[in-house]
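A.B. asks: Take a look at the following structure, please.
The values are calculated or read from the model by the stated rules, or taken from the named source; none is laboratory data. This one's a predicted model, so the numbers in the text were calculated from it and none came from an experiment. A quick note on method: Cβ atoms are made from the backbone with ideal geometry, for glycine too, and the neighbour counts reach across all protein chains shown.
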Amino acid sequence: MNGAREEVLLGTDTEVSGSFQWAPFFWFSALLFASYAVVLGKLGHVWSSDPDMTHGAFVPLLVGYIIWERRKQLAALKPVHSVSGVALMLIGAILLCAGPPGLDTYAVITRIAFLFSLIGTVAFLRGWRTVGILSYPLALLLLMFPMPGYVMEKLTFPLQIIASQLAEHLLELCHYSVLREGNILMLPGQTLNVAEACSGLRSMLALTFLGQAYAYLFDSRAWMRLAIAVLVVPIAVFANSLRIVASAIAGSYNRAWGEGTYHESAGWIVFVVAFLCVVLCHLLLKKLVGPARTK
C-alpha cells in the first residue's frame, strides 16, 4: 500500500466508531449558547415587548417536541463527522462579528449567524443525514425571529392596498356607500385609514406558527405543511379585510366602536377567525385528497 488514504475531505461525512458520545455534544452546545447569549437575550426581550412576536417563545418548544418525536430515527443513525460543518460554524462566527450593533440589519445578521452555527454544529457532530432529518424543525426556527424591517417596508403598503380593496368590495356587497383613495376608505360620516397593522403582515408570522403547529400535530404529510404555509398569506390579508369591514360597520352606528379598544379587540377576534380558516382549509384539502396515514 502507498500509505494511508486520506478519508476526511471537506464536505464529506466520516463515520465515528462506537456509540454517540454525549460529552462533545454538551460542550459544543454550551459554547454555542454562550457565544450567542447576547443575541438570544435580545431576542427574548423582543418576544416579551412586541405583541406581534409573543409566539416566538413557543417556537423552541415546538421544535424540541418534533426533535423528541424523531429520536428513534436519530438513534438509528451512526454518528458521523462532517468537516463542512466546521465551515458553517466559521461563517456563523464571522457574521456574529459583523457590525456596527446600532444598525437594524445587525440584529438580522446575528440571528442568521446563530442558525449557521447551529446547523454547522449538528453537521459536525452528527453528519448531514441528521441535518436532513431535522430540516423541518430547523426551518421552523426562522419563525422565532421578527421579520426584517426592510422586508416589512417593502411588503406592508402593497398588502395595505389589497386589504383596502377587499374591504371596499365587501362593504359594497353589504350595501354601504364607500369611496376608496389608496388605503383610505371614505364612508358617510366617517373616514377609515387602513393602517399598517391592518395589512395582515404583522399577524402573519404568528398565524404561520400556529398553522405549522396544527399541521404537524394533525397531519403527517410534509406537502400539507407547505400548503398551509402558502395559504396563510391570503387568509391573513382576507381576515384583516374583515376587521376593516367590521370597524366600518360598527363605526356607522357609533364612531367609538370603530377605533381604540374596540378596534384592538376586533383584531384578536379576527386572528382567531383567521386560524379557524386555516383549520377549515386543512379539512377541505384532506377531504379532497384523503386523510393522511397514521404517523
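Okay, residues lined up against (1) of a type outside the set (Val, Ile, Thr); (2) closer than 24 Å to Tyr253 by Cβ; (3) at pLDDT 75 or above:
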| position | (1), (2), (3) |
| --- | --- |
| Leu170 | yes, yes, yes |
| Cys174 | yes, yes, yes |
| Ser177 | yes, yes, yes |
| Gly182 | yes, no, yes |
| Leu187 | yes, yes, yes |
| Gly200 | yes, no, no |
| Thr208 | no, no, yes |
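A.B. asks: With respect to the numbered conditions (1) within 22 Å of Val233 (Cα to Cα); (2) among the hydrophobic types (A, V, I, L, M, F, W, C); (3) surrounded by fewer than 15 Cβ atoms within 10 Å (Cβ to Cβ), which one is the sole condition not fulfilled by Leu155?
C.D. replies: The failed condition is (3).
A.B. asks: Restricting attention to the stretch 74-96, report how many residues are touching a helix residue (DSSP H, G or I) at 6+ places or on another chain (Cβ under 7 Å) and surrounded by fewer than 14 Cβ atoms within 10 Å (Cβ to Cβ).
C.D. replies: Count: 0.
A.B. asks: Just checking, how many residues over the stretch 98-113 are at pLDDT 70 or above and more than 18 Å from His45 (Cα to Cα)?
C.D. replies: Summing the residues that are at pLDDT 70 or above and more than 18 Å from His45 (Cα to Cα) in the stretch 98-113 gives 2.
A.B. asks: Continuing with the same structure: How do the pairs read when you match residues in the stretch 218-235 that are among the polar types (S, T, N, Q) with residues anywhere that are surrounded by fewer than 18 Cβ atoms within 10 Å (Cβ to Cβ) and not in a helix (DSSP H, G or I), using Cβ under 7 Å and keeping only pairs 6 or more apart or on different chains?
C.D. replies: Hits for this filter: Ser220/Ala292; Ser220/Arg293; Ser220/Lys295.
A.B. asks: Now for a separate question. Output the residues belonging to the stretch 68-82 that are modelled with pLDDT of 90 or more and under 25 Å from Tyr36 (Cα atoms).
C.D. replies: Scanning the stretch 68-82 gives a single hit, Trp68.
A.B. asks: Also, quick follow-up: Can you go through Ile119, Ile109, Ile94 and tell me which one is hydrophobic (A, V, I, L, M, F, W, C), within 25 Å of Thr54 (Cβ to Cβ), assigned by TED's automatic domain parsing to the domain that holds Ser29 and in a helix (DSSP H, G or I)? Lay out the reasoning, then the answer.
C.D. replies: Values: Ile119 fails: within 25 Å of Thr54 (Cβ to Cβ); Ile94 fails: within 25 Å of Thr54 (Cβ to Cβ).
Answer to the selection: Ile109.
A.B. asks: While we're here: Does Val131 qualify as being crowded, with 16+ Cβ neighbours inside 10 Å and touching a residue at least 40 places away in the same chain (Cβ under 8 Å)? Full working, then the answer.
C.D. replies: Numbers: crowded, with 16+ Cβ neighbours inside 10 Å: yes; touching a residue at least 40 places away in the same chain (Cβ under 8 Å): no.
Criteria not met by Val131.
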